[in-house]
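**Student:** Below is one structure. I have some questions about it.
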Amino acid sequence: MEAPPTRQTSIEAPPAPKEAFRAVDDAVSHPLISVAADVPQPAPPLSAWSVPRLSRRHEWLIRSVAAASLAYAFYWLFWRWTSTLNWQVAAFALVLVLAETLRVIYTTLFSITVWKLTHHDPPPPPAGLKVDVFITCFDEPLQLLRRTAVGAKAISYPHATYILDDGKSEAVRAMAEEIGVGYIRREGNEHAKAGNLNNAIRVTGGEFILQLDADHVPLPNILDRLLGYFNDPKVGFVQSPQDFYNTDSFTHIVNDEGHRLWEENRIFFSLVQAGKDTWESSFFCGTCGVLRRSALDSIGGFSTNSVTEDMETSLVLHGAGWKSRYHGETLAYGLAPASASQYHVQRMRWGTGSTQILRKMNPLTYPGLNKKQRLQYFAATIDYASGLQKAVFYLAPIVFFFTGWLPIAVNEREFLIRLIPYMVLTLLAFELLARGTGWLVHSERYGMARFFTNILSLSGFFRTRPIKFAVTPKGVTDVPFSTYAPQLTLAVLSVVSVAWATVAAHFGWINYRGLASAAIWVNGIWLLWNMYFAVSVVRQSVRSKQQRHDFRFVESLPIQIDFAAGDEANVSPDRKPAMTEDLNPTGLSFRSVYRVAPGTRVRIPLRLASGSFTAEGEIVHVTRRKSRHGETFIHGVQFRDLPNATRNAIEVHCTHHSVPFWRTRYRQSVPVFAHAFERLADLRFGRRRSVKLPVIVRVCNADGTHCEPELGMLEEVSDAGARLILESPIAPGSKVTYDVPGTDVAGRGTVVFNRTFESPTDVRFAVGVKCDRDVKSTWPSSWRRLFAALETTHA
């Protein structure tokens, strides 16, 4: 073991632009003004809070429907057990009704957990606390670890940052020294991540520990938001949500048109954790949480009985009488599994660890837990048995078509009049309890994706030998056939079973009771439902291979491209406007209406949250795209010889501004009724059209002249308005003109709103413009020419 590293004593605080921009906010009024519905409107104000907050009336409605659904579910089970079993196929009938019983148990536990969600307002943090920030790593890509270390060093509350290197890499040691953070290495790798953390605890002395995985970059205010909870001396740890910046991952669904975002973990971090907090049972989740050192010392450090040290340590701390708090605000962004193979490695470890805890530390008998905690930990550890229940539901219609067996011996009418309200109530209760985060179709898809991995993870309950800690792979990975073989097998069996049933019915080998029977229709719909999700998982798995070694952050910056000496022959030597699409310290992509040849050297001034910097690079590829506004070109730029100061500034800008800014514009919870109304509004008023090109905006003075132009982005237009993204607001009522250089897209109108989008380090404004009705600027050029010709003919 190495000697304890020198602790950081001075931390570079990031700029505090909120105060700097407050004068702008105060000087210019920008209320949301009610205008014509077909003018592009700003999204409802959002924050980084992950836990949905609904009115008391809505919560009462949700609980009423959930209670009715549970009551009917228990009636359904009673009826199934007492009146419907077909004893002629007893094994099939019993397996199916047992799966239904398990499903009702899971539904009940979920409903109990999320019945009421806690919403904490964080107390102010005490001054002068000693805080250590631990970054655990084991052979992760160096650029990934560097990003986290730079972000951690920029945390505003005074702290010491340490990289805990279980990979024992000299490159990591050199990087830590270059960045200016501590470095800890131990002998051996006993107990994996838990052992790594326990070693760091022994050689450091902070009163509180912020634990970060190698891929989770904290926002600068993370400690300011979490430390105040420790004013209660019995609070042992505080957890915040895990959120992710790689929204092209296997677990993300992004709807750009509706500005909606869904991630497979969202139900857990938006609902389950907030519900468990109500039951005094929120978990430490391995990263993005702060722990009290004295609490860890009281239980001998991080627990090492399973490969899920986080939930296990939570259970031990709760058993020892320590409290937990869940702060439902996103304060760090990490990497979700980029591919199907990464996803299954992660879920296999979680499931194996949970079943290990169930065997070794049975929550129903573990000393010190109260009744609420016993129920919640038991629910968490048995969750992975749901894979068996899912498998039965996926195979049941296939068995019917292969054999003609009916597990239910009851009149079709009696069955359907009970089944239909049961299904309707169950689905409606789930959507309402999910409070806009459920998205049933997506939830079912990922249930299909992980059912077989959940079954395999049950082996943890029976294995007595130590299980190796499997780190979730990062970077480029393959997608082996085994990751989607179970779903492909289900899809093939579904097709074969229907083909077999067609032949068997034709030759009279099996009596399916006719094509008009309820058995055929119910099992046919059931089969198609399962097959749809199986095929979609196969397609998603095959396509989920990560292409880049490092992630490019979504970032729309208006830029002016300078072309290096010697390249003027390729393009005009004048500065050319463009719009970045993505950015990271290795390069960027920009969108333009002109094409630049690959190999061209470019110089790009970047206005970042921490200041202005210049990056030089080379065009490495060009992609041509067609749109209603003409041709656009996407250029990939690879940076050359980027100074460390610029590299670090880009890292901080991307993680502390670009990600939070982009996420405030995408909703992660959309209540089911609000979603339906939005779809009706789209049909009534027409769709907005995305542009996302650089725009020059001029504010008209009283005398009809224009002030100094500002470069921004024309985000979208509709038949009556436009929405601009600018670095400064424009007073509502102002007359403006705008045009996209290199195109015939232009217009003029009146500013009707300013919407502020703040990140922890910067601010931008969405400016809504209601276009003059006599201006056809938002029409395609062919339409405008036709209209002009008609006007001339009429004259």
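The values are calculated or read from the model by the stated rules, or taken from the named source; none is laboratory data. For clarity, every value in this text was computed on a predicted model and none was experimentally measured. Please note: Cβ atoms are built from the backbone with ideal geometry, for glycine as well, and neighbour counts cover all protein chains shown. Accessible surface is based on the protein model in full, side chains and every heavy atom, while ligands, DNA and RNA are left aside. Shrake-Rupley method; radii C 1.70, N 1.55, O 1.52, S 1.80 Å.
**Student:** Which residue, chosen from Asn370, Tyr343, Thr308, occupies the Cα position most advanced towards the positive end of the dipole of the range 290-374, where the dipole is computed from +1 (Lys, Arg) and -1 (Asp, Glu) charges on Cβ about the Cα centre?
**Tutor:** Asn370
**Student:** Using amide H atoms built 1.01 Å from N in the peptide plane, name the residues 5+ places from Cys700, or on other chains, whose amide H lies under 5 Å from its own.
**Tutor:** Excluding prolines and chain starts, which carry no amide H, the hits are Lys735, Val736, Thr737.
**Student:** Average projected area of the Cα convex hull of the range 274-388, in nm²?
**Tutor:** On the way: hull surface 31.0 nm².
The Cα convex hull of the range 274-388, projected and averaged over all directions, gives 7.7 nm².
**Student:** Still on this model: Tell me the accessible surface of Thr107 in square angstrom (1.4 angstrom probe, heavy atoms of protein chains only), to the nearest ten.
**Tutor:** 50 Å²
**Student:** Still on this structure: I'd like the Karplus ³J(HN,Hα) series for the range 115-126: coefficients 6.51, -1.76, 1.60, θ = phi - 60°, whole numbers in Hz, and an x wherever there's a Gly or Pro.
**Tutor:** Whole-Hz 3J(HN,Hα) from phi for the range 115-126: 4, 9, 9, 7, 9, 8, 9, x, x, x, x, x.
**Student:** Roughly what would the spin-label model give for Thr614 and Arg665, points 7 Å off Cα along C-beta, in nm?
**Tutor:** 2.8 nm
**Student:** What are the ³J(HN,Hα) couplings of the range 187-192, residue after residue, when phi is run through the Karplus curve with 6.51, -1.76, 1.60 and θ = phi - 60°? Round to Hz, x for glycine and proline.
**Tutor:** 7, x, 9, 4, 6, 6
**Student:** Taking the highest mean first, how do the peptides 736-742, 235-241, 508-514 order by number of other beta carbon atoms within 10 angstrom per residue?
**Tutor:** Highest mean packing first, the order is 235-241, 736-742, 508-514.
**Student:** Using only Cα atoms, what Kirkwood radius does the range 166-275 have, in angstroms?
**Tutor:** Result for the range 166-275 stands at 17.4 Å.
**Student:** What accessible area, in Å² to the nearest ten, does a 1.4 Å probe give for Trp350?
**Tutor:** For Trp350, the solvent-accessible surface is approximately 60 Å².
**Student:** Follow-up. Under a 1.4 angstrom probe, counting protein chains only, how are Arg450, Arg435 ranked by accessible area, largest first?
**Tutor:** Putting Arg450, Arg435 in descending order of accessible area: Arg450, Arg435.
**Student:** Name the residues whose placed amide hydrogens come within less than 5 Å of the amide hydrogen of Leu606, ignoring near sequence neighbours (fewer than 5 apart) on the same chain.
**Tutor:** Here the answer is Phe613, Thr614, Ala615, since their amide H atoms fall under 5 Å of that of Leu606.
**Student:** Considering only C-alpha atoms, what is the centroid distance from the range 240-272 to the range 622-660, in Å?
**Tutor:** Rounded to whole Å, the Cα centres lie 23 Å apart.
**Student:** Under 5 Å between amide hydrogens, which residues at least 5 positions from Phe753 or on another chain qualify, with H placed 1.01 Å from N in the peptide plane?
**Tutor:** Those qualifying (amide H under 5 Å, at least 5 residues apart or on another chain) are Gly768.
**Student:** Can you work out the FRET efficiency for the pair Leu61 and Arg624, with r the C-beta to C-beta distance and R0 = 30 Å, to the nearest 0.05?
**Tutor:** Efficiency at R0 = 30 Å is approximately 0.05.
**Student:** Sorted by packing (mean other beta-carbon atoms within 10 Å per residue), highest first, where do 362-372, 332-342 land?
**Tutor:** Working: 362-372: 13.7, 332-342: 24.4.
Final packing ranking: 332-342, 362-372.
**Student:** Please report the relative contact order for the range 57-171, taking Cα pairs under 8 Å with a sequence separation of at least 6, and give it as a percent rounded to a whole number.
**Tutor:** Details: 61 pairs, mean separation 24.8, N = 115.
Dividing the mean separation by the residue count of the range 57-171 yields 22 percent.
**Student:** Under a cut-off of 17 Å between alpha-carbon atoms, report the lysines in cross-link reach of Lys735, not counting same-chain residues fewer than 8 places apart.
**Tutor:** Once the sequence-local lysines are set aside, what remains near Lys735 is Lys770, Lys776.
**Student:** Per 5 Å bin from zero, what fraction in whole % of the C-alpha pairs of the range 209-255 is there, up to the bin with the longest pair?
**Tutor:** P(r) for the range 209-255, in whole percents per bin: 4, 15, 24, 20, 14, 12, 7, 4, 1.
**Student:** Take the alpha carbon atoms of the range 406-426, find their center, do the same for the range 81-97, and report the distance between the two centers in whole angstrom.
**Tutor:** After rounding, the separation between the Cα centres reads 14 Å.
**Student:** Suppose a student asked you for the relative contact order of the range 408-536, using Cα pairs under 8 Å spaced at least 6 residues apart; what percent would you report? All intermediate terms of the calculation are to be shown ahead of the outcome.
**Tutor:** Numbers: 40 pairs, mean separation 39.1, N = 129.
Normalised by residue count, the contact order of the range 408-536 is 30 percent.
**Student:** Which whole-angstrom value gives the distance between the alpha carbon centres of the range 108-147 and the range 301-361?
**Tutor:** 12 Å
**Student:** Past 26 Å, Cα to Cα: identify those pairs from Lys153/Lys576; Lys168/Lys360; Lys116/Lys193; Lys276/Lys360; Lys576/Lys692; Lys193/Lys360, in the order given.
**Tutor:** Lys153/Lys576; Lys168/Lys360; Lys116/Lys193
**Student:** Leaving out ligands, DNA and RNA but keeping every protein chain, what accessible area does His119 have, in Å² rounded to the nearest 10, with a 1.4 Å probe?
**Tutor:** Accessible area of His119: about 70 Å².
**Student:** Whole-Hz ³J(HN,Hα) for each residue in the range 320-325, computed from phi via Karplus 6.51 cos²θ - 1.76 cosθ + 1.60 with θ = phi - 60°, x for glycine and proline: what do you get?
**Tutor:** 7, x, 7, 9, 10, 9
**Student:** Still on this structure, please answer the following. Would you mind putting 488-497, 517-526 in packing order, based on average other-beta-carbon counts within 10 Å, highest first?
**Tutor:** Values: 488-497: 17.3, 517-526: 15.6.
Highest-to-lowest ranking by the protection proxy: 488-497, 517-526.
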